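Q: Sharing a structure below in structure tokens format, with a few things to ask.
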Amino acid sequence: MRVISRALPASYVFEGMRTIVAGGALSGTTLAASNLLALAYILLASWFFTRIYYQAVRTGLIARYSAESVS
């Protein structure tokens with residue numbers, strides 16, 4: 001579970017909140033790691049979406065499904 005939690009940006013935010021509640025100071029490295037992971041996931045999702053979208057346009061799937069839903 002530690003390996004999976006290190007891949008989730010929210011785990012770094014929760015760790016920072018736990019540190020603040022315990023009376024400590026917020027670590028900038030954990031906040032930066034969370035932001036970098038979130039940015040990487042957004043970029044990866046955008047790349048994946050555009051790749052699938054252009055493939056659907058090239059093969060005609062979008063036009064085919066929109067024409068079927070009209071009739």
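Q: Residues in the range 1-12 that are open to solvent by 70 Å² or more (accessible area, probe 1.4 Å) and assigned to a helix (DSSP H, G or I): how many?
A: Initially, the range 1-12 is screened for residues open to solvent by 70 Å² or more (accessible area, probe 1.4 Å), giving 1-4, 6, 8.
Filter once more, keeping what is assigned to a helix (DSSP H, G or I): 2-4, 6.
Residues that pass the stated criteria total 4.
Q: Consider Ala40 carefully, then state whether it is at pLDDT below 90 and either touching a helix residue (DSSP H, G or I) at 6+ places or on another chain (Cβ under 7 Å) or in a helix (DSSP H, G or I) (or both). First the steps, then the outcome.
A: Working: at pLDDT below 90: no; either touching a helix residue (DSSP H, G or I) at 6+ places or on another chain (Cβ under 7 Å) or in a helix (DSSP H, G or I) (or both): yes.
For Ala40, the condition - at pLDDT below 90 and either touching a helix residue (DSSP H, G or I) at 6+ places or on another chain (Cβ under 7 Å) or in a helix (DSSP H, G or I) (or both) - is not met.
Q: Of everything in the range 29-50, what is over 30 Å from Ile62 (Cβ atoms) and surrounded by 11 or more Cβ atoms within 10 Å (Cβ to Cβ)? Give them in sequence order. Let's see the steps before the verdict.
A: So in the range 29-50, the residues over 30 Å from Ile62 (Cβ atoms) come out as 29-37.
Residues satisfying the conditions are Thr30, Leu31, Ala32, Ala33, Ser34, Asn35, Leu36, Leu37.
Q: Still on this structure, please answer the following. Could you check the range 18-28 and list, in sequence order, the residues that are surrounded by fewer than 13 Cβ atoms within 10 Å (Cβ to Cβ), at pLDDT 90 or above and either in contact with a His (Cβ under 8 Å, 6 or more places away or on another chain) or assigned to a helix (DSSP H, G or I) (or both)?
A: Passing the criteria: Arg18, Ile20, Val21.
Q: For the range 32-48, state whether one or more residues are β-branched (Val, Ile, Thr) and more than 16 Å from the chain's Cα centre (by Cα). Lay out the reasoning, then the answer.
A: Here is the first cut: in the range 32-48, the residues β-branched (Val, Ile, Thr) are 42.
This time we only want the ones that are more than 16 Å from the chain's Cα centre (by Cα), so: none.
No: the range 32-48 contains no residue that is β-branched (Val, Ile, Thr) and more than 16 Å from the chain's Cα centre (by Cα).
Q: Pairs only if they're at least six apart or on different chains, beta carbon under 6 angstrom, first in the range 32-53 and under 18 Å from Ser11 (Cβ atoms), second surrounded by 11 or more Cβ atoms within 10 Å (Cβ to Cβ) and at pLDDT 95 or above; list them, first residue then second.
A: Hits for this filter: zero, empty list.
The values are calculated or read from the model by the stated rules, or taken from the named source; none is laboratory data. Being a predicted model, the structure only gives us computed values, none of them experimental. Please note: Cβ atoms are built from the backbone with ideal geometry, for glycine as well, and neighbour counts cover all protein chains shown. Each accessible area value is taken on the protein alone, full model and side chains, heavy atoms only, with ligands, DNA and RNA left out. Shrake-Rupley method; radii C 1.70, N 1.55, O 1.52, S 1.80 Å.
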